[in-house]
Amino acid sequence: MKKIITISRAFGSGGHTIGREVAKRLNIPCYDKELVDKVAEESGFHADFIEEAGEYAPVTNSFLFNIAVSPNPMAMMNTMSMADQLFVCQTNVIRRLADEGPCVIIGRCADYILKDREDCLHVFIHADMAHRAERIVRLYGETRQSPEKRLTDKDNKRRVYYKHYTNRNWGEAQNYHVCLNSGLVGVEKCADIIVDIAKMYE
């Protein structure tokens with residue numbers, strides 16, 4: 001089985017729900033909010049800061065990933081911004097969780113951080129704007145900002161963050177093993193497909 005499944009997702013596409021369902025069916029841990037808690041424990045940063053800053057970054061440079069995976073990254077931490085220190089801690093936690101055993105990891109560049117592991121299945125979940133807009137209003141309610149604007153802002157922040165730390169394009173099919181349109185296929189069927197592919201390698 002592909003033991004480690006990473007789920008990257010466009011905001012409102014149901015990636016979190018799909019990841020949870022995949023983990024439930026495979027009887028393995030799922031790390032999303034749980035990952036935030038573990039990074040908070042290790043880094044000393046507040047969980048709210050990690051939740052917000054852990055997916056957003058202002059510039060493009062993959063140098064920090066090289067620091068994060070270096071033999072002694074902590075020795076370089078005092079020269080970095082808080083956001084960059086957070087990324088190093090986040091990388092260390094993700095790599096450790098993957099070493100500990102099968103799991104689903106949602107977001108936070110996990111697909112890139114674990115790109116050299118052969119036991120991983122990297123998935124990207126997306127859907128059209130109309131489907132995602134309806135979904136976030138149904139789940140999170142109305143705001144002053146239109147759902148389309150909320151979606152665009154969130155996606156742009158994730159895109160910049162991913163480019164910053166990986167120097168790759170977020171959502172580009174070649175970066176993942178599988179890309180699924182949850183608006184077309186449905187959340188349950190997406191979970192079916194991911195589980196089936198993961199089990200193909202047993």
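The values are calculated or read from the model by the stated rules, or taken from the named source; none is laboratory data. Here the structure is a predicted model, which means the values were calculated and not measured. In this analysis, Cβ positions are derived from the backbone assuming ideal geometry, glycine residues included, and neighbour counts consider all displayed protein chains. In case anyone asks, the SASA skips ligands and DNA or RNA and just uses the protein heavy atoms, side chains included. Shrake-Rupley method; radii C 1.70, N 1.55, O 1.52, S 1.80 Å.
General observations
- To the nearest 10, the accessible area of E100 is 130 Å² with a 1.4 Å probe.
- Largest first, the extents of the alpha carbon coordinates of region 102-173 on the three principal axes equal 43, 26, 17 Å.
- Modelled label reach - K115, point 7 Å along Cα→Cβ, region 147-184 residues with backbone N closer than 17 Å: 159-179
- Cβ-Cβ FRET estimate between D48 and E148, R0 fixed at 41 Å, reported to 0.05: 0.95
- Mean projected area in nm² (Cα convex hull; one quarter of hull surface) for region 135-178: 4.0 nm²
- Most positive-pole-ward Cα, N175, T152, M129, against dipole of region 100-202 from beta carbon charges: T152
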